[in-house]
Amino acid sequence: MNNIVHTFLTFFIVFSLHCSIVNGQETKQTKNALAFVNATIYVSPTNPAILDGIVVIENDKIIAVGKKNVVKLPKNAKLIDCKGLTITAGFWNSHVHFTDPKIANAPSLSNSELSAYLEQFLIKYGFTYAFDIGSFPENTNNIRQRINSGSISGPLILTTGLPLTAEDGTPFYVKAMNIKLPELTSIDVAAKIVNQNIADGLDGIKIFAGSPMGPGKAEKMMPVEIAKAVIITAHKKGKLVFAHPSVNDGILVSLESGIDILAHTTPDGGLPWDRQMIQQMVKKNLYLIPTLKLWKWSLLNNNQSPQQIEDFVSIAIRQVKDFNEAGGNLLFGTDIGFMDDFDPTDEYVYLQKAGLDFRQILAMLTTTPSEKYGFSKQYGRLAVGMTADMVVFKGNPELDIRTLSDVKYTVRKGEIIYTKTD
């Protein structure tokens, strides 16, 4: 009996000591508090701005947000003065590509090299989340695994892997790099490839509804029945499908097949979208990523005149304006990675020219993608219990939309991963 009692007491003492150590570790961890004070805070695109406000984060969560005279600061909090600065939830870029030659062989890059690239690519502009809709999954997965493991700082990355095309539908600019995209030659092939991609851990699917085949050549359209097979298969697995339309016929394929998100506007046709097509897009809940700056960048690279560029971009701006006024849902994305100019300022300015105000643009960057991608309980708003992902930038975006690009701090999971030095 004495042996049994001795054994029990020994176990109890060891267990109690272990619990004390664990509790001590937890207490120590919860003391990691940051308080961003004296800021103008937009907790969401719809709530009134909080003037002279405070956001308090502890570890990776927001624990308080509100006016300075209401929020009680933890005694141990490190204070960051944000006088003259504005705070919002972290931004989504819903159209990127991890295909830049600089990171095409990510496993060969050191952590410092990859971190420096990600800072210039996304982080310095406040993007805490990115949806890659066209890259080699092995390379992109290496990048996000290093972020997820804590080896480097970076955004949450979702990816579709390589886009899927119709038979003989690899775009001409992809062929020029000696790359052939997966081709969907039948309904069965489409379902098989989509199932395999999702089993391999991809977060969505992208198709070329209309593949650009080269200057002066007609686009290669994906047959509607094959596009439908892609979408039905992806939706059964709970995944979204993006489509590159190229031209208006690509939008029609997307509408008929049930695409979730259009990756671009289509100014190539030279005309605004007709009212009937826009009504169908809105009725079928087809989301749109405008990529307005892309058109300027592409034409500049083709040595087009300023007037030609303005005329072309104005068509895309009109398409966005009409779509937005009809009640369409918009997502922010810039096609960086394909485009080598990472600065989103022009995109913000063009969206404003399309009639969107700051709060509508903020929704494109925060709440709309968070809801669409299934993260609304974690990301997109500044509220108690939400993940502490934030952008802190200079100035007042209601007065000058360009201030969205003038980021002072980017915060991801409660850690300041970018600081602009003045």
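The values are calculated or read from the model by the stated rules, or taken from the named source; none is laboratory data. Being a predicted model, the structure only gives us computed values, none of them experimental. All Cβ positions, glycine included, derive from the backbone under ideal geometry; neighbour counts span all protein chains shown.
Please verify whether A316 is of a type in the set (G, A, S), touching a helix residue (DSSP H, G or I) at 6+ places or on another chain (Cβ under 7 Å) and under 30 Å from L162 (Cβ atoms), treating the condition exactly as stated. So A316 fits the description; yes.
Of all residue pairs spaced 6 or more apart or on separate chains, those with beta-carbon atoms under 6 Å, a first member in segment 295-320 that is without any contact (Cβ under 8 Å) to a residue 40 or more places away in the chain and a second member that is in a loop (DSSP other than H, G, I, E, B) are I317/A354.
The condition (being within 20 Å of G333 (Cβ to Cβ), assigned to a helix (DSSP H, G or I) and at pLDDT 95 or above) is satisfied by just one residue among W297, W273: W297. Would you confirm whether any residue within segment 364-385 is crowded, with 22+ Cβ neighbours inside 10 Å, part of a strand (DSSP E or B), β-branched (V, I, T) and modelled with pLDDT of 95 or more? Scanning segment 364-385 turns up no residue that is crowded, with 22+ Cβ neighbours inside 10 Å, part of a strand (DSSP E or B), β-branched (V, I, T) and modelled with pLDDT of 95 or more.
Contact map, segment 346-363: first residue under 11 Å from R402 (Cα atoms), second residue hydroxyl-bearing (S, T, Y), Cβ cut-off under 8 Å, separation 6 or more or different chains; pairs are E347/T291; E347/T334; Y348/S405. Checking each residue in segment 148-189 for being in a helix (DSSP H, G or I), within 26 Å of the chain's Cα centre (by Cα) and touching a residue at least 24 places away in the same chain (Cβ under 8 Å) picks out only Y173. G270 meets all of the listed conditions (1) surrounded by fewer than 18 Cβ atoms within 10 Å (Cβ to Cβ); (2) under 25 Å from the mean Cα position of the chain (by Cα) but one, namely (2).
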